[in-house]
1. Which residues, taken from region 16-54, are among the aromatic types (Phe, Trp, Tyr) and either surrounded by fewer than 16 Cβ atoms within 10 Å (Cβ to Cβ) or at pLDDT below 80 (or both)?
2. Can you tell me how many residues in region 127-145 are closer than 12 Å to Val201 by Cα and of a type in the set (Ser, Thr, Tyr)?
3. So which residues in region 56-102 are without any contact (Cβ under 8 Å) to a residue 40 or more places away in the chain and in contact with an Asp or Glu (Cβ under 7 Å, 6 or more places away or on another chain)?
4. Starting from residues that are among the charged types (D, E, K, R) and touching a strand residue (DSSP E or B) at 6+ places or on another chain (Cβ under 8 Å), keep the ones in region 140-169 and report whichever is nearest to Phe81 (Cα to Cα).
5. Residues of region 35-73 being in a strand (DSSP E or B) and in contact with a helix residue (DSSP H, G or I) (Cβ under 8 Å, 6 or more places away or on another chain), which ones?
6. Pull up region 186-215, narrow it to residues that are among the small types (Gly, Ala, Ser) and modelled with pLDDT under 80, then point me to the one that is farthest from the chain's Cα centre (by Cα).
7. Before we move on, is Tyr218 at pLDDT 85 or above, part of a strand (DSSP E or B) and not small (Gly, Ala, Ser)?
8. May I ask you to list the residues in region 124-139 that are within 15 Å of Gln174 (Cα to Cα) and modelled with pLDDT under 85?
Amino acid sequence: MKRLGKRDILRELRLKKESSLFVVQFFAGQLHKFPIQFQAEHTYLKKIVFLISPVFKVQFEQLLSSSKGITFYLDSLDCMFKCQIESFDNITGDIITSLPLSFVFEERRAKSRVVVSDSMQMLYNEDSGQVINKKVFDISSGGFSLVFSASEQFRLKQDQLLKHVYLSYDGKFQYFDSRVLAILKLRPFDLESLPYALRRVSFGFDSIDEEQKLFLEYVSQGESSLQNKKTS
């Protein structure tokens, strides 16, 4: 796979000015996310110009009061990058930044995962007596993942098979045989919505029958409906 870098970010911004670009920043105990538009790149000055909607000007000014470094999320590349703010015109909404100082790309998957709402839970009782009862972070037709804080203890190991994992969503539930595919340490903001150091455990379904497929489709449709309500 080609390793993406700063040039790929700039190329994507130039080619897709209307792509989903957001400011993502943790401020006053909350995660703030709002859209922003790419305007131009001045290569010789090593500057980028963005435009923010009047609706979000006050929110953006609050972020600037806490930090001059702003994190952006580019949806089309599953990429987050950080720029230093050089100037902000609160009348026109123009923002001039440095070129990206740092960036991180999300892992691309063959099967698209959906970040799920708080209504989806995973419950698993180990033979040792350990109980894992966690909110599911995301899910696809091939598996799901959980996110643990750096201080949370768990005994999961890579390639471990978990039998009869209970997944519940919106009053419905199914049992799955799931295998631990990866355990990753994450830095703050490696995941768009989580500004903390974390550990992410990814699971793959060993096999899926028709009832389980229907359950996963129900989850996907339910989350799509929630997203449509939020954006309408």
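1. The initial filter retains those residues of region 16-54 that are among the aromatic types (Phe, Trp, Tyr), namely 22, 26-27, 34, 38, 44, 50.
Hits for region 16-54 are Phe26, Phe27, Phe34, Tyr44.
2. Of the residues in that region, 1 qualify.
3. Selection gives Asp78, Asn90.
4. Step one: filter region 140-169 for residues among the charged types (D, E, K, R), giving 152, 155, 157, 159, 163.
Right, trim to touching a strand residue (DSSP E or B) at 6+ places or on another chain (Cβ under 8 Å) and you get 152, 157, 159, 163.
Working: Glu152: 28, Lys157: 31, Asp159: 32, Lys163: 39 Å.
Result: Glu152.
5. Of all residues in region 35-73, those in a strand (DSSP E or B) come to 35, 37-42, 47-51, 69-73.
Correct list: Pro35, Phe38, Glu41, Ile48, Ile70.
6. If we filter region 186-215 for residues that are among the small types (Gly, Ala, Ser), which is where we start, we get 193, 197, 202, 204, 207.
Among the residues that remain, those that are also modelled with pLDDT under 80 are: 193, 197.
Numbers: Ser193: 5, Ala197: 14 Å.
The extreme case among them is Ala197.
7. Taking the combined requirement at face value, the residue does not satisfy it.
8. none
The values are calculated or read from the model by the stated rules, or taken from the named source; none is laboratory data. Note that this is a predicted model, so its numbers are computed, not measured. Heads up, the Cβs are rebuilt from the backbone with ideal geometry, glycines too, and the neighbour counts pull from every protein chain shown.
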